[in-house]
Amino acid sequence: MTIFSLEGKRALITGSSRGIGSSIATELAKAGARIILHCSGDTTKAEEVKAEIEKCGGIVDNIISADLKKPENTIKIARLAGNIDILVLNASIQYRKKWDEITTEEFNEQLSCNLLSSMRLIQYFVPYMREKKWGRIITIGSVQEVKPHPDMLVYSASKAAQTNMVKSLALQLAGDGITVNNVAPGVISTDRNAEALSNPEYAKKVIDSIPAGFCGDKSECSGTVLLLSSEAGRYITGQSIYVDGGKSL
């Protein structure tokens, strides 16, 4: 067994039916973790991810559908997931809108999904991790924590708040053998931003802002999450690691 092995561990990855979340789920499964997938509605895409994981020899214990815009649905996730060792909080929503046009409903939905639901899930799963004296909590943030997009004020604010929560919890849980970290992607080519990047003028402007000179693939964050999930990352906690081609600089 290598220090990157996750044999005997169970991992829940929220928002894992597509994009970055699906790539993380697949990577952790390849390392030996039993996976619980999560989606917010129809499970078709999640079933496709499950099939891909099983094709690689991985195991998916469950697929849970629950809309995290409604924080009370975290109870459903906790009940159906059971005890887990690794919690990857990837699910989030973003509304592109001018700051002075944001409605209270849009504000609350983003904060509920991107921040409040993360805290509630951590509350549910930490007791088991404490009992085992081993746990990994990884939030998926964004380069917008330090370079906010002008049309995504609430999204960037919610990601910055989540990372502040990570730092607070890392201090409080380190003695229990639980690490808490944030992985902050830069511009990643997923279906979420496909429409915006389909505009050549806008795409050039975005790429010009990335020192590496290209948009990342959805798999870019998976290795970092694997590191933080494994024994290889046991001495890393309270950190926010940017996977962004240098955009945060």
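Bear in mind that the values in this text are calculations on the coordinates, not laboratory data. These numbers come from a predicted model, not from an experiment. Note that we place each Cβ from the backbone using ideal geometry, even for glycine, and neighbour counts take in every protein chain shown.
Assuming R0 = 41 Å, what is the FRET efficiency of residue 3 and residue 107, from their Cβ-Cβ distance, to the nearest 0.05?
Efficiency, rounded to the nearest 0.05: 0.45.
Name the most mobile residue of 43, 74, 179, meaning the one with the largest mean-square fluctuation, in a Gaussian network model of the chain with Cα contacts below 10 Å.
43
For the pairs 70/97; 70/247; 30/205, note any where the Cα-Cα span goes beyond 30 Å.
Long pairs (Cα-Cα over 30 Å): 70/247; 30/205.
Run the simple label-point estimate for residue 234 and residue 72 please: 7 Å along Cα→C-beta, distance reported in nm.
4.2 nm
Report the GluC sites (Glu not before Pro) located in the range 13-75 that are in a DSSP loop and have at most 13 other Cβ atoms inside 10 Å of their Cβ, or state none.
Taking the range 13-75 and a limit of 13 other Cβ atoms within 10 Å, the loop GluC sites (Glu not before Pro) found are 72.
Looking only at chymotrypsin sites (Phe, Trp or Tyr not before Pro) in DSSP loops with at most 13 other Cβ atoms within 10 Å, what is the longest site-free stretch of the chain?
Result, exposed sites excluded: 1-213.
Stick to Cα atoms and the Kirkwood definition of Rh, then tell me Rg/Rh for the chain.
0.95
Tally Lys and Arg at +1 and Asp and Glu at -1 over the other residues with C-beta under 9 Å from the C-beta of residue 93: what net charge comes out?
In short, 0.
For the residue pair residue 191 and residue 30, what label-to-label distance in nm results when each label sits 7 Å from Cα along the Cα-to-beta-carbon direction?
About 2.2 nm separates the two model spin labels.
Which of the trypsin sites (Lys or Arg not before Pro) found in the range 18-125 are loop residues per DSSP with 15 or fewer other Cβ atoms within 10 Å of their Cβ?
96, 97, 98
Is any helix in the chain, taking whole DSSP H runs, at least 18 angstrom long along its axis by alpha carbon and on average at least 0.0 on the Kyte-Doolittle scale, and which ones?
153-173
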